[in-house]
Amino acid sequence: MTAQNTQILLAARPIGKPTQDDFRVRHAAIPEPADGQVSLKIIYLSLDPYMRGRMNAGKSYAKPVEIGDVMEGGTVARVVRSRHPEFREGDFVLSHSGWQSYALSDGAGLRKLDPSAAPLSTALGVLGMPGFTAYSGLLTIGRPKPGETVVVAAASGAVGSAVGQIARIKGARAVGIAGGAAKCAFVRDELGFDAVIDHHAADFAEQLAAACPGGIDVYFENVGGHVWDAVFPLLNDFARIPVCGLIAQYNNRPNEQTGADRLPLVMRDVLSKSLQIRGFIQREFVDQRPDFYREMAGWIASGQIRYREDIVDGLENAPTAFIGLLEGRNFGKLVIRVADEN
């Protein structure tokens, strides 16, 4: 056991893109559990785009991280000391301990993990919140039917990659949007999407239209920006649009308006095409989690679902990795390896 608990704190609220100065490292004593508590050693930390919103002070669906507090995030941890009747030393658990190397828990919200059933890191990705986001958003809001065309942005990422593969399992045609030749090749050749378009291409909108000759029935939105601009004219009547994220806009300054006001055009087509646009947070569908764990595990075992992880070693590298995530530099589910599993 190391002598200190390393923590990464929010030092300042970013204006636009986060920088290294928005984070601060603190070394504290390793917490000792009281009765009914466990001490956790963090093994893996998940980095996800939603964390950018937690750095802001504005009203949102969840409380922001306060200045001087530990950055929040999902984690896989090992119980190193237990004074809780339901957990033993050596148990691996899914927790929400944030950007630090040790944490205390009273057991609320912990879920035991079996390292022999799946790699522990997948509890933060394909078998965790991102996978469940894809599953619940697509199947509850998108409702793909056999033969329909499903388009998903950020298709090489943790959520988008699962969306397209689940769409194909349900008999739909999956068209992915990704950035760069390597990511596009992965989506097409490894994940088996029917088509994939590079959003960096000069003729991106034309390529997308050619890949969707019958229009788009379901668009799973992760990005916004110019990707949305290319998708919008192709939406069919009664198209469903689960809005999971808007990563292209997360670094905008407060009240920043980019480009022309598109709201009148969007609302016109919402009415005339009977579009369903629904934002969601995965926790709304918590009752679906047992079905998700069962079905996703089966799809992975059968080879119908494949995944990729981008693992970065060292908690101290979390700020740099997170800044890169917001710029699309990761390739697959971004995870920080904080410590060895042993």
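The values are calculated or read from the model by the stated rules, or taken from the named source; none is laboratory data. Every value quoted in this text rests on a predicted model; they were computed, and no experiment measured them. So basically every Cβ, Gly included, is an ideal-geometry build from the backbone, and we count neighbours across all protein chains shown. The accessibility values were calculated without ligands, DNA or RNA, using every heavy atom of the protein model including side chains. Shrake-Rupley method; radii C 1.70, N 1.55, O 1.52, S 1.80 Å.
Quote the FRET efficiency, to the nearest 0.05, computed for Thr320 versus Gln288 with a Förster distance R0 of 25 Å and r equal to the Cβ-Cβ distance.
Values: r = 35 Å, r/R0 = 1.40.
About 0.10, to the nearest 0.05.
Annotation: extensible slack from His96 through Ala12 equals 28.1 nm (criterion: 0.36 nm per residue apart, minus Cα-Cα distance). In the chain, a dipole from Cβ-located charges (positive for Lys and Arg, negative for Asp and Glu) runs towards its positive end, and of Ala158, Ile281, Val335 it is Ile281 whose Cα lies farthest in that direction.
With r as the distance between the Cβ atoms of Glu327 and Asp194 and R0 = 30 Å, compute the FRET efficiency 1/(1 + (r/R0)^6) and round to 0.05.
Numbers: r = 28 Å, r/R0 = 0.93.
My answer for the efficiency is 0.60.
Can you send over the carbon and sulfur percentage of the accessible area for the chain, probe radius 1.4 Å, protein chains only?
Working: 7920 of 15450 Å².
Exposed carbon and sulfur together represent 51 percent of the surface.
Over the stretch 176-228, accessible surface divided per residue gives 38 Å², non-protein components excluded, 1.4 Å probe. Under a Gaussian network description of the chain, with springs only between Cα atoms under 10 Å, the residue in Ser136, Ser97, Ser272 that fluctuates furthest is Ser272.
Between Asn56 and Asp69, 0.36 nm times their residue separation minus their Cα-Cα distance comes to what?
Working: separation 13, 0.36 × 13 = 4.68 nm, distance 1.30 nm.
Gain in length upon complete extension: 3.4 nm.
So what is log10(I(q)/I(0)) for the chain at q = 0.08, 0.10, 0.14 1/Å, when the Debye sum runs over its Cα atoms only? After summing over all Cα pairs, the log10 values are -0.39, -0.61, -1.15. Comparing Cα centroids, the stretch 98-150 and the stretch 30-93 end up 16 angstrom apart.
Just from its helices, what would the mean residue ellipticity at 222 nm be for the chain, if runs of 4 or more DSSP H residues each count -39500 (n - 2.57) and the sum is divided by every residue, rounded to the nearest 500 deg cm²/dmol? Please list the in-between numbers first.
Working: 9 runs with 77 residues, N = 342.
Result for the chain, helices only: -6000 deg cm²/dmol.
Amide H contacts for Gly279 (H built 1.01 Å from N in the peptide plane; partners 5 or more residues away or on another chain; cut-off under 5 Å): Val243. Taking Thr75, Thr19, Thr133 as the candidate residues, the one with maximal mean-square fluctuation in a Gaussian network model of the chain, Cα springs under 10 Å, is Thr19. Give me the log10 of I(q) over I(0) for the stretch 17-84 at q = 0.13, 0.20 Å⁻¹, as the Debye formula computes it from C-alpha points; what are the numbers? For the stretch 17-84 at q = 0.13, 0.20 Å⁻¹, log10 I(q)/I(0) is -0.52, -1.01. 3J(HN,Hα) along the stretch 46-51: 8, 10, 9, x, 4, 4 Hz, from the Karplus curve 6.51 cos²θ - 1.76 cosθ + 1.60 with θ = phi - 60°, whole Hz, x for Gly and Pro.
By a straight-distance test (C-alpha under 20 Å), which lysines pair with Lys145 as possible cross-link partners, with residues fewer than eight away in the same chain excluded? Output for Lys145: Lys170, Lys273. Summarising the amide proton neighbourhood of Leu113: residues at separation of 5 or more, or on other chains, whose placed amide H is nearer than 5 Å comprise Phe92, Val93, Leu94.
Whole Å is fine, so just give me how far the alpha carbon centre of the stretch 274-288 lies from that of the stretch 290-321. Answer, in whole Å: 22. Name the residues of the stretch 179-208 whose amide N is less than 13 Å from a point 7 angstrom out from the Cα of Arg306 along the C-beta direction? Those under the cut-off are 183-194.
Under a point-charge model restricted to the Cβ atoms of Lys and Arg (+1) and Asp and Glu (-1), what is the dipole moment magnitude of the stretch 88-231 relative to its Cα centre, in debye to the nearest 20? Each step should come with its number before you reach the end.
On the way: 10 positive and 14 negative charges, 82 e Å.
Charge dipole, the stretch 88-231, about its Cα centre: 400 debye, nearest 20.
Taking a straight Cα-Cα cut-off under 22 Å and skipping sequence neighbours fewer than 8 places away in the same chain, the lysines within cross-link reach of Lys63 are Lys17.
Take the Cα pairs of the stretch 71-113, get the Kirkwood Rh, then feed it into Stokes-Einstein at 10 °C and 1.306 mPa s and tell me D in µm²/s. Numbers along the way, then the final one.
On the way: Rh = 10.5 Å.
This corresponds to a translational diffusion coefficient of 152 µm²/s.
Between Val150, Val223, Val270, the Gaussian network model of the chain with springs among Cα atoms under 10 angstrom shows the greatest mean-square fluctuation at Val270. Shape of the stretch 7-153 from its Cα gyration tensor (a ≥ b ≥ c, root eigenvalues): rounded if a/c is under 1.5, otherwise prolate when a/b > b/c, or oblate? Oblate.
Were the residues from Ala118 through Arg268 laid out at 0.36 nm apart, the gain over their Cα-Cα distance would be 49.3 nm.
Taking amide H positions as modeled 1.01 Å from N, with prolines and chain starts lacking one, the residues under 5 Å from Asp310 and 5 or more places away or on another chain are Lys333, Leu334, Val335.
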